[in-house]
Amino acid sequence: QVQLVESGGGLVQPGGSLRLSCAASGSIFSFYSMGWYRQAPGKQRELVARITTTGSTNYADSAKGRFTISRDNAKNTVYLQMNNLKPEDTAVYYCNAAKPTAINWGQGTQVTVSS
């Protein structure tokens, strides 16, 4: 079992940037594929970006060109750099750690994009 704690959310103006962090503990971080998901009010949770154990990445179309996911296995942390934020990016962002035998979620961090 891995425990995940997200940080870095907040209020930002359209066009601004935020970097989300997700610190993992309790298991071997490098064994997990890591992802960022988000859930806006009244909508289903959706994938934003994922990074595999080997560093391969994939992004939702809405995130391509604006968001970058990365991981630091030495720090047991995954990051989501978000640039050129838009009001439609407003959501609770969740960190996810997955391997064939387990899926774990963090508690989420709120991102609000508004002027």
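Before moving on, here are some points about what is shown:
- Cβ-Cβ under 7 Å pairs, at least 6 apart or on other chains, the range 1-13 side within 17 Å of N73 (Cα to Cα), far side of a type in the set (D, E) and in a strand (DSSP E or B): none
- Tally, over the range 41-56, of residues that are within 17 Å of N76 (Cα to Cα) and surrounded by 14 or more Cβ atoms within 10 Å (Cβ to Cβ): 4
- Residue check, Q81 open to solvent by 10 Å² or more (accessible area, probe 1.4 Å), more than 15 Å from A49 (Cα to Cα) and not hydroxyl-bearing (S, T, Y): no
- The one condition in (1) open to solvent by 40 Å² or more (accessible area, probe 1.4 Å); (2) out of contact with any Ser or Thr (no Cβ under 9 Å at 6 or more places or on another chain); (3) outside any strand (DSSP E or B) that I103 fails to fulfil: (3)
Okay, residues lined up against (1) outside any strand (DSSP E or B); (2) under 17 Å from V5 (Cα atoms); (3) not charged (D, E, K, R):
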{"residue": "K64", "(1), (2), (3)": "yes, no, no"}
{"residue": "R71", "(1), (2), (3)": "no, yes, no"}
{"residue": "A74", "(1), (2), (3)": "yes, yes, yes"}
{"residue": "Y79", "(1), (2), (3)": "no, yes, yes"}
{"residue": "L85", "(1), (2), (3)": "yes, no, yes"}
{"residue": "Y93", "(1), (2), (3)": "no, yes, yes"}
{"residue": "N96", "(1), (2), (3)": "no, yes, yes"}
{"residue": "T112", "(1), (2), (3)": "no, no, yes"}
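- Among residues of the range 41-60, those that are touching a Leu at 6+ places or on another chain (Cβ under 9 Å), in a strand (DSSP E or B) and of a type in the set (A, V, I, L, M, F, W, C), counted: 2
- Subset of the range 1-40 that is in a strand (DSSP E or B) and of a type in the set (V, I, T) - its residue that is most open to solvent (accessible area, probe 1.4 Å): V5
The values are calculated or read from the model by the stated rules, or taken from the named source; none is laboratory data. From a predicted model like this one, the values you see are computed outputs, not experimental measurements. Cβ: placed from backbone, ideal geometry, glycine included. Neighbour counts: every protein chain shown. Accessible surface areas use protein heavy atoms only, side chains included; no ligands, DNA or RNA. Shrake-Rupley method; radii C 1.70, N 1.55, O 1.52, S 1.80 Å.
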